[in-house]
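Reviewing the structure listed below.
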Amino acid sequence: MFTVTRTLLTVALSASLLVSLAACSAPTTAAPAAEKPSAATATPTPTVAPAGVDALPLLAGLTATAPAGWEPGSCAALNFAGPAGWERVDQPDARILFQNNAEPSLTHTVDGQEEYLVQSVMFSCGLPKTEWDGEWSSGEGTESYRLDVAGATYSAVIVWPVVNYQAEGYGDIPGDFFKAEIQIVTPEQDYFTALFTLPANDNAYNVVAQVASGLSVG
């Protein structure tokens, strides 16, 4: 993956970063298309007392369906739509990655070599069942919103609007990007996630809302 001319990177987001699921039975990890995730990063310390998902504000920009032209798909009981024009890459363990190779989340040039962090959203459907009861707590520097996903008992998203990325194992890529995770649990305690790596700009919220609008369970 690391070459002398160009480096293609996707972010490895581990469950130790995700403080929202108070009772999830299994970690969630996003990975590059051909790599296993790197070591976990320290968990942010929650700054507010846990509260239920239903108490969160609804994410702005939700619509009845995903935008026209988006690529529909499903895994297990989760129905989703990937952004139009993004490459779909099926991953092991029932993960489906959509990546935008034309517009990276972050770019950096060192000694004439271009390195970039891929813009992506990844749906995970192979996770173990969970006993999550809707309890939710937000870590420092995060934002949390309730979602309205048909067929879900609880659904919400946690957002890190600005994150400084250091590409462990590949050399550093300085700069900020946006990351978020949608979390969904069903009446049968099935657990699904969608992980986002996006440019740090206002449109990132629109992408999260558009993806959330295309989600349903059943």
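The values are calculated or read from the model by the stated rules, or taken from the named source; none is laboratory data. All of these numbers come straight from a predicted model, not from anything done at the bench. As a convention, Cβ positions derive from the backbone with ideal geometry for all residues, glycine included, and neighbour counts pool all protein chains shown. Calculation scope for accessible area: heavy atoms of the full protein, side chains included, ligands and nucleic acids excluded. Shrake-Rupley method; radii C 1.70, N 1.55, O 1.52, S 1.80 Å.
Some observations on this one:
- Residue in the stretch 195-211 that is surrounded by fewer than 17 Cβ atoms within 10 Å (Cβ to Cβ) and touching a strand residue (DSSP E or B) at 6+ places or on another chain (Cβ under 7 Å) present: no
- Selected residue (only one of Pro67, Pro92, Pro72 is open to solvent by less than 60 Å² (accessible area, probe 1.4 Å) and out of contact with any Lys or Arg (no Cβ under 8 Å at 6 or more places or on another chain)): Pro67
- Filter result for Asp190 (within 19 Å of the chain's Cα centre (by Cα) and open to solvent by 60 Å² or more (accessible area, probe 1.4 Å)): no
- Within the stretch 170-189, at least one residue is within 30 Å of His108 (Cβ to Cβ) and basic (Lys, Arg).
- For the stretch 138-186, the set of residues classified as open to solvent by 10 Å² or more (accessible area, probe 1.4 Å), more than 17 Å from the chain's Cα centre (by Cα) and at pLDDT below 90 consists of Glu140, Gln166, Glu168, Gly169, Tyr170, Gly171, Asp172, Pro174, Gly175, listed by residue number.
- Hey, Val118 touching a helix residue (DSSP H, G or I) at 6+ places or on another chain (Cβ under 9 Å), touching a residue at least 12 places away in the same chain (Cβ under 8 Å) and of a type outside the set (D, E, K, R) or not: no
- Pair list, Cβ < 7 Å and 6+ apart or interchain, from the stretch 192-209 residues that are in a helix (DSSP H, G or I) to residues that are open to solvent by 30 Å² or more (accessible area, probe 1.4 Å) and of a type in the set (Gly, Ala, Ser): Tyr205/Gly61; Asn206/Gly61; Ala209/Ala60; Ala209/Gly61
- Qualifying positions in the stretch 112-135 - among the hydroxyl-bearing types (Ser, Thr, Tyr) and either closer than 20 Å to Gln91 by Cα or open to solvent by less than 10 Å² (accessible area, probe 1.4 Å) (or both): Ser120, Ser124, Thr130
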